[in-house]
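Data block below; observations after.
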Amino acid sequence: MKQLDERILETLSREGWSTPKMLARESRISCSKGHVRERIEKLRHTGFVGQLHGDMFVLTRDGKLYLDGEIDANNRPWPPGDRMLRR
């Protein structure tokens, strides 16, 4: 997990839901919408983020447990490589 991933999870926890565009505007995140989308796809693969509808994403139960220190991200599935293929 990267620091950006944790910031995304923390923002989703605080806000309830968000989109890559909204997350990219957050001062603690401040990166491109495309990069945020890539990180969200990886977080979805781990089960920490779920898709609510369209471009809207939410923190899952496992994501909350991770933030609470009850789940170790090293024991979660993580897609290989630095970037995932776009669908």
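A few remarks follow.
- Selection count, the stretch 15-43, where residues are open to solvent by 70 Å² or more (accessible area, probe 1.4 Å) and not polar (S, T, N, Q): 7
- Single match in MET22, MET1 (criterion: touching a residue at least 60 places away in the same chain (Cβ under 8 Å) and of a type outside the set (D, E, K, R)): MET1
- Taking the stretch 44-55 as the range and being more than 21 Å from ARG76 (Cβ to Cβ) and either surrounded by 14 or more Cβ atoms within 10 Å (Cβ to Cβ) or among the β-branched types (Val, Ile, Thr) (or both) as the test, only ASP55 passes.
- Residues in the stretch 56-87 that are modelled with pLDDT of 95 or more and touching a helix residue (DSSP H, G or I) at 6+ places or on another chain (Cβ under 8 Å): PHE57, VAL58, LEU59, ASP62, GLY63, LYS64, TYR66, LEU67.
- Residue check, LEU12 open to solvent by less than 20 Å² (accessible area, probe 1.4 Å) and either touching a strand residue (DSSP E or B) at 6+ places or on another chain (Cβ under 7 Å) or not hydroxyl-bearing (Ser, Thr, Tyr) (or both): yes
- Selection count, the stretch 64-80, where residues are surrounded by 14 or more Cβ atoms within 10 Å (Cβ to Cβ), within 13 Å of the chain's Cα centre (by Cα) and without any contact (Cβ under 8 Å) to a residue 40 or more places away in the chain: 0
- Single unsatisfied condition, ARG61 versus (1) under 17 Å from ILE71 (Cα atoms); (2) surrounded by 18 or more Cβ atoms within 10 Å (Cβ to Cβ): (2)
- Of all the residues in the stretch 15-37, those that are under 9 Å from the mean Cα position of the chain (by Cα) and either closer than 14 Å to MET1 by Cβ or hydroxyl-bearing (Ser, Thr, Tyr) (or both) number 0.
The values are calculated or read from the model by the stated rules, or taken from the named source; none is laboratory data. Just so it is clear, the model here is predicted, and its values are computed rather than measured. In this analysis, Cβ positions are derived from the backbone assuming ideal geometry, glycine residues included, and neighbour counts consider all displayed protein chains. Heads up: the accessible areas ignore ligands, DNA and RNA and are worked out on the full protein's heavy atoms, side chains in. Shrake-Rupley method; radii C 1.70, N 1.55, O 1.52, S 1.80 Å.
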